[in-house]
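*Asks:* Pasting a structure below so you can have a look.
The values are calculated or read from the model by the stated rules, or taken from the named source; none is laboratory data. None of the values given here were measured: they were computed from a predicted structure. Cβ placement follows ideal geometry from the backbone for every residue including glycine, while neighbour counts extend to all protein chains displayed. Protein only, heavy atoms only, side chains kept; ligands, DNA and RNA dropped before computing areas. Shrake-Rupley method; radii C 1.70, N 1.55, O 1.52, S 1.80 Å.
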Amino acid sequence: MRSQSWKNGLIPPAFLLGMSKGISVVEALVEDSRISGFYKLPREDRIKKVIELTGISEEEIKPLTDPGSVDLEILDHMIENVIGAMTLPLGIATNFRINEQDYLIPMALEEPSVVAAASNAARMTRPYGGFTATDTGPIMIAQIQVVNVPTPHSAKLRIIEEKPMLLDLANEQDPILVKFGGGARDIRVRIIDTSLGSMVICELLVDTRDAMGANAVNTMAEALAPKIEDITGGKVLLRILSNLAEKRLVRARATFDKEMLGGEEVVDGIIAAWAFAEADPYRCATHNKGIMNGIDSVVIATGNDFRAIEAGAHSFASVDGYSSLTKYEKDAEGNLIGSIEIPMAVGLVGGATKVHPVARAAVKILGVKTGMELGHVIASVGLAQNLAALRALASEGIQRGHMSLHARNVAATAGARGDLVDKIAKILVEEKNVKVERAKELLEELSKSTK
Ligand code: MEV
């Protein structure tokens, strides 16, 4: 159960870590994320279990469990020309233990198998303590493009000489961020060759703490532009963050149990599948897509910018030629060690994470206290997702698992409820006839026989 110690006079950890108001203070996390047979429970019982394990209140979880209760007025102010909402299923991944802490992980996406696969892969890390995750800190990069610079090399040095003044000016733009321990940290300058000649690119490195930080860094870059023009004698064009967030990386690693994976042959098959992805961009695109199945779904559930995460992931994977975001190797006992390194510009304050009631509920269920802790969770899910896909591909293929989940959907579509869903799904798969018509026939037969 969640620790309530801060309520007894201690300062809530979220405030110490610089979270601004808006997101409710997050408490300690679930003690044990292993919930055997979670998928078999009726939805109402799953909700009860999540409430029981996380301490989220009925009121807080309601926007998530009853999407119709979300006030359209809130959504109306998020984007333009709003006429409604698009609801995605949100499932809970179980079994995740990360840095000695258990998490229940909300995942929002339309694709079957993903939540089950992540939970299953996470289970295989538990004998070895789960996932270990670290990060570089939340540093975002803003770019200022300067053209028509008469002497680019000396302009570069002149910008660096003015660094203290430029950093002060940047920090004056966001006293709140500075108050919470963030702010502009460094400036780097590159001269690039383009089809229009050389350009001076001035990059501002900003610690954005628990914010994704797009607004903060863009405002700073815009404020610096006139000074950069004075210093370089050139003309500033673009002033915008880079989604290649190479200074905001998260890393996660885990040992996956050999026997749980299916034995040595499967372990070797997974490593061979990974080597294929490393060597071939056609395969690698699909391999990394599988990683993003897990990553995006947590990013979406928490109201973060999944386009930014996608852009960051694929550009990072391309820096030295497009390659895998994960790595695999074997330990001395033949267990599989997986690791992932990926940019992770996610936050807990600001944007939809703060405004959208479903995102707020998802953050509460996760119980994460900082943006980087959320990043640890997301990277671990990405690694688990990739491992699960490679394991299926290297052994039975993914269609079998997909088919049995698809069969459950078909049974439910035909009107089956409770135990009948699994019973009918099993027969559909055995008969290799996963069709709604057949499911309806079976439902009628089985309903009669149980009367
Ligand atoms: C499907 O959404 C994802 C996979 O194609 C990933 C992979 O091939 O590694 C199964």
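*Asks:* Sorted from largest down, give the three principal axis spans of the alpha carbons of region 139-242, whole angstrom values.
*Replies:* 40, 25, 17
*Asks:* May I ask you to compute the full-extension gain from residue 402 to residue 449, defined as 0.36 nm times their residue separation minus their alpha-carbon distance, rounded to one decimal in nm? Before the final figure, lay out the partial values.
*Replies:* Details: separation 47, 0.36 × 47 = 16.92 nm, distance 2.90 nm.
That works out to 14.0 nm of additional length.
*Asks:* Quote the accessible area belonging to residue 94 in square angstrom, nearest 10, computed with a 1.4 Å probe and with ligands, DNA and RNA left uncounted.
*Replies:* Roughly 10 Å² of residue 94 is accessible to a 1.4 Å probe.
*Asks:* Could I have the simple spin-label model distance between residue 186 and residue 172, label points 7 Å from Cα toward Cβ, reported in nm to one decimal?
*Replies:* Output for this residue pair reads 2.5 nm.
*Asks:* Oh, and also: If you take the Cα atoms of region 403-451, find Rg, then find the Kirkwood Rh from the mean of 1/r over all pairs, what is Rg/Rh?
*Replies:* 0.92
*Asks:* Full-extension gain between residue 412 and residue 111, please, as 0.36 nm times their residue separation minus the C-alpha to C-alpha distance. Walk me through the numbers on the way to the answer.
*Replies:* Values: separation 301, 0.36 × 301 = 108.36 nm, distance 1.61 nm.
Result for the pair: 106.8 nm of gain on full extension.
*Asks:* Please report, as a whole percent, how much of the solvent-accessible surface of region 139-242 comes from carbon and sulfur atoms (probe radius 1.4 Å).
*Replies:* Numbers: 2680 of 4960 Å².
In region 139-242, the share of accessible area belonging to carbon and sulfur is 54 percent.
*Asks:* Output ³J(HN,Hα) for region 48-58: one whole-Hz value per residue in order, computed from phi by the Karplus curve 6.51 cos²θ - 1.76 cosθ + 1.60 with θ = phi - 60°, and x for Gly and Pro.
*Replies:* 4, 4, 5, 4, 5, 7, 9, x, 5, 7, 4
*Asks:* Still on this structure: Which FRET efficiency value, to the nearest 0.05, do you get for residue 71 and residue 423 by plugging their Cβ-Cβ distance into 1/(1 + (r/R0)^6) with R0 = 51 Å? Write out the running numbers ahead of the final one.
*Replies:* Details: r = 40 Å, r/R0 = 0.79.
Once the sixth-power term is evaluated, E becomes 0.80.
*Asks:* How large is the helix-only mean residue ellipticity at 222 nm for the chain, computed as the sum of -39500 (n - 2.57) over DSSP H runs with n ≥ 4, divided by its residue count, in deg cm²/dmol to the nearest 500? Can you show the working numbers first?
*Replies:* Numbers: 19 runs with 217 residues, N = 451.
That comes out to -14500 deg cm²/dmol.
*Asks:* Taking a probe of 1.4 Å, how large is the accessible area per residue of the chain, in Å²? List each step's numbers first, then the result.
*Replies:* On the way: 21500 Å² over 451 residues.
Normalised by residue count, the accessible surface of the chain is 48 Å².
*Asks:* OK, next. Of 179/354; 40/432; 62/247; 156/235, which ones are farther than 25 Å apart at the Cα? Present the calculation step by step, with values, prior to reporting the outcome.
*Replies:* Numbers: 179/354 19 Å; 40/432 23 Å; 62/247 37 Å; 156/235 14 Å.
Long pairs (Cα-Cα over 25 Å): 62/247.
*Asks:* Now for a different question. Provide Rg and Dmax in Å for the chain, with only Cα atoms included in the calculation.
*Replies:* Rg then Dmax for the chain, in Å: 24.6, 88.
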